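Enquirer: Got a structure for you, questions after.
The values are calculated or read from the model by the stated rules, or taken from the named source; none is laboratory data. In this text, all values refer to a predicted model and were calculated from it rather than measured experimentally. Using ideal geometry, Cβ is built from the backbone for each residue, glycine included, and neighbour counts are taken over all protein chains shown.
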Amino acid sequence: MTIQTLNDSFGIDKHIHFHLGRGDLPVAMLENKFGTATVCLCGAQVLSYEPTNHDPVIWVSRYTNYGEGKVIRGGIPVIFPWFGPHPTDDEKYAHGFARRQLWDVKKTEQDDDGRTRITMTLHDNDTTRAVWPHAFELCLTVTLGEKLNVSMAYKNLGTESFTVTDALHTYFPVADSTKIKVRGLENVHYLDQLDGFKRKYRPNPIGIWEEVDRIYINSEEQCDIVDPVKGRTIHVAKSGSRSTVVWNPWVDKAARMTDLGDEEYWEFICVESGNVKQNAITLAPNESHETRQTIWIT
Ligand code: BG6
């Protein structure tokens, strides 16, 4: 669809407008009394969220290579249908295909209470079936209200069960990653991705002074990212998600990543809401699942 057709079909005066963003990717801009948000139709990836009169709550790398089929380093990548490396085939790219595909807009809405909403869909196609032989519908709905609500809903449209690992892989900006604390996971076990997925437990809030790559399992807790330098806390609540991934690449991994600046590990923390490892979701034909993340600041 051209930008003109997107605006004619789904634009809402003063609230939703489509334009070509970096790398000529189609982007939806949502705007209302609560703030602004932008969503790239490539990956259905939220790129920004700014509550009115507040600093950005979503982070994107200045070194991102924008283009269809590429990965945008930041925002809220939609991870589906596998999290991390493919479970059996290293040749298949990490974190599934949803973040690399161009999605369709399904509908846009403006509520009476002022909230603005866009729903995008992705169905199985030749590219997805070549790497994952299942029929599905995936919907990503972004609602800009007093909080930002992001919902990833998927349905098995095939005749056999399938198993999915998923995540809303959100990058949050912080003033200095070494000064923040992530609270909410003190009583939860995690699998340490940097130590052979060993199951570990730390009773304290999470601080960043080295690479951190943890999958907290069996956790439905809200997380709070306390940023004393900025003087604010980012809250991340969720439903339909039993895993939380906390990731910061630190010095060496940031230096290895070509789409991340060497120093940018200072600027963000990923707190991801999903279903990973033993929390994988199995769906029988016609069954569906919804993973939802809600973000706000105080
Ligand atoms: C996190 C993983 O979810 O994503 C990390 O836990 C990974 O291991 C990170 O490095 C970024 O992944 P990618 O595929 O976007 O480079």
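Enquirer: Is one or more of the residues making up region 192-207 surrounded by 14 or more Cβ atoms within 10 Å (Cβ to Cβ), closer than 25 Å to residue 152 by Cα and not polar (S, T, N, Q)?
Expert: Looking through region 192-207, none of the residues is surrounded by 14 or more Cβ atoms within 10 Å (Cβ to Cβ), closer than 25 Å to residue 152 by Cα and not polar (S, T, N, Q).
Enquirer: Right, another one. Is it true that some residue in region 167-182 is closer than 22 Å to residue 43 by Cα and more than 16 Å from the ligand (Cβ to nearest atom)?
Expert: Yes, region 167-182 contains at least one residue that is closer than 22 Å to residue 43 by Cα and more than 16 Å from the ligand (Cβ to nearest atom).
Enquirer: Can you pull out every residue in region 72-94 that is in contact with an Asp or Glu (Cβ under 7 Å, 6 or more places away or on another chain) and within 12 Å of the ligand (Cβ to nearest atom)?
Expert: Within region 72-94, 73, 79, 83 meet the criteria.
Enquirer: Let me ask something else about it. Report yes if residue 235 is surrounded by 14 or more Cβ atoms within 10 Å (Cβ to Cβ), touching a residue at least 24 places away in the same chain (Cβ under 8 Å), of a type outside the set (A, V, I, L, M, F, W, C) and touching a Cys at 6+ places or on another chain (Cβ under 7 Å), otherwise no.
Expert: Numbers: surrounded by 14 or more Cβ atoms within 10 Å (Cβ to Cβ): yes; touching a residue at least 24 places away in the same chain (Cβ under 8 Å): yes; of a type outside the set (A, V, I, L, M, F, W, C): yes; touching a Cys at 6+ places or on another chain (Cβ under 7 Å): no.
Taking the combined requirement at face value, the residue does not satisfy it.
Enquirer: Also, quick follow-up: Of the numbered conditions (1) more than 15 Å from the ligand (Cβ to nearest atom); (2) farther than 27 Å from residue 98 by Cβ, residue 208 fails exactly one; give the number of that condition.
Expert: (1)
Enquirer: Which residues, counting only those in region 127-178, are acidic (Asp, Glu) and buried (at least 23 other Cβ atoms within 10 Å of the Cβ)? Give the derivation first.
Expert: Taking region 127-178 as the starting set, the residues that turn out to be acidic (Asp, Glu) are 137, 146, 160, 166, 176.
Answer for region 127-178, where residues must be acidic (Asp, Glu) and buried (at least 23 other Cβ atoms within 10 Å of the Cβ): just 166.
Enquirer: Does residue 222 satisfy being polar (S, T, N, Q) and in contact with a Gly (Cβ under 6 Å, 6 or more places away or on another chain)? Show your work before the answer.
Expert: Working: polar (S, T, N, Q): yes; in contact with a Gly (Cβ under 6 Å, 6 or more places away or on another chain): yes.
Yes; evaluated as a whole, the condition is true for this residue.
Enquirer: Which residue, of 81, 51, 26, is closer than 23 Å to residue 233 by Cα and at pLDDT 95 or above?
Expert: 51
Enquirer: Checking the structure you have, find out if any residue of region 114-132 is touching a residue at least 12 places away in the same chain (Cβ under 8 Å) and farther than 22 Å from residue 45 by Cβ.
Expert: Yes, because at least one residue in region 114-132 is touching a residue at least 12 places away in the same chain (Cβ under 8 Å) and farther than 22 Å from residue 45 by Cβ.
Enquirer: Check region 109-118 and report whether any residue there is charged (D, E, K, R), touching a Cys at 6+ places or on another chain (Cβ under 8 Å) and modelled with pLDDT of 95 or more.
Expert: We begin by selecting, within region 109-118, every residue charged (D, E, K, R); these are 109, 111-113, 115, 117.
So of that shortlist, the ones also touching a Cys at 6+ places or on another chain (Cβ under 8 Å) come out as none.
No, there is no match, as no residue in region 109-118 is charged (D, E, K, R), touching a Cys at 6+ places or on another chain (Cβ under 8 Å) and modelled with pLDDT of 95 or more.
Enquirer: Which of the numbered conditions does residue 76 fail, given that it passes all the others? Conditions: (1) farther than 21 Å from residue 125 by Cα; (2) of a type in the set (A, V, I, L, M, F, W, C); (3) exposed (fewer than 15 other Cβ atoms within 10 Å of the Cβ).
Expert: In the conditions (1) farther than 21 Å from residue 125 by Cα; (2) of a type in the set (A, V, I, L, M, F, W, C); (3) exposed (fewer than 15 other Cβ atoms within 10 Å of the Cβ), residue 76 misses (3) alone.
Enquirer: Here's something else I'd like to know. If you scan region 38-50, which residues turn out to be touching a Gly at 6+ places or on another chain (Cβ under 9 Å) and part of a loop (DSSP other than H, G, I, E, B)? Even if it seems obvious, please write down each step before you answer.
Expert: Of the residues in region 38-50, the ones touching a Gly at 6+ places or on another chain (Cβ under 9 Å) are 38-40, 42-43, 45-50.
Listed by number, the list holds a single entry, 43.
Enquirer: Collect the residues in region 245-265 that are touching a Pro at 6+ places or on another chain (Cβ under 7 Å) and more than 10 Å from the ligand (Cβ to nearest atom), keeping them in residue-number order.
Expert: Result: 265, single match.
Enquirer: Mind listing just one residue for me: the one in region 51-72 that is out of contact with any helix residue (DSSP H, G or I) (no Cβ under 9 Å at 6 or more places or on another chain) and part of a loop (DSSP other than H, G, I, E, B) and, of those, nearest to residue 163 (Cα to Cα)? Steps first, answer last, please.
Expert: First, pick out the residues of region 51-72 that are out of contact with any helix residue (DSSP H, G or I) (no Cβ under 9 Å at 6 or more places or on another chain): 51-58, 60.
Right, trim to part of a loop (DSSP other than H, G, I, E, B) and you get 52-58.
Values: 52: 40, 53: 42, 54: 40, 55: 38, 56: 35, 57: 32, 58: 29 Å.
Here the residue is 58.
Enquirer: Same structure, new question: Quick test for you: out of 112, 124, 104, 55, pick the one residue that is surrounded by fewer than 21 Cβ atoms within 10 Å (Cβ to Cβ) and out of contact with any strand residue (DSSP E or B) (no Cβ under 9 Å at 6 or more places or on another chain).
Expert: On the way: 124 fails: out of contact with any strand residue (DSSP E or B) (no Cβ under 9 Å at 6 or more places or on another chain); 104 fails: out of contact with any strand residue (DSSP E or B) (no Cβ under 9 Å at 6 or more places or on another chain); 55 fails: out of contact with any strand residue (DSSP E or B) (no Cβ under 9 Å at 6 or more places or on another chain).
It is 112.
Enquirer: When both residues are 6+ apart or on different chains and their Cβ atoms are under 6 Å apart, which pairs have a first residue that lies in region 18-37 and is at positive phi, and a second that is in a loop (DSSP other than H, G, I, E, B) and β-branched (Val, Ile, Thr)?
Expert: 35/52
Enquirer: While we're on this one: Select from region 205-225 the residues that are under 15 Å from residue 241 (Cα atoms), assigned to a loop (DSSP other than H, G, I, E, B), in contact (Cβ under 8 Å) with a residue 60 or more places away in the chain and in contact with a Phe, Trp or Tyr (Cβ under 9 Å, 6 or more places away or on another chain) and list them in ascending order.
Expert: Quick first cut of region 205-225, residues under 15 Å from residue 241 (Cα atoms) only: 215-223.
Retained after the next criterion (residues that are assigned to a loop (DSSP other than H, G, I, E, B)): 217-222.
When the remaining residues are screened for being in contact (Cβ under 8 Å) with a residue 60 or more places away in the chain, the result is 217-218.
The one that is under 15 Å from residue 241 (Cα atoms), assigned to a loop (DSSP other than H, G, I, E, B), in contact (Cβ under 8 Å) with a residue 60 or more places away in the chain and in contact with a Phe, Trp or Tyr (Cβ under 9 Å, 6 or more places away or on another chain): 217.
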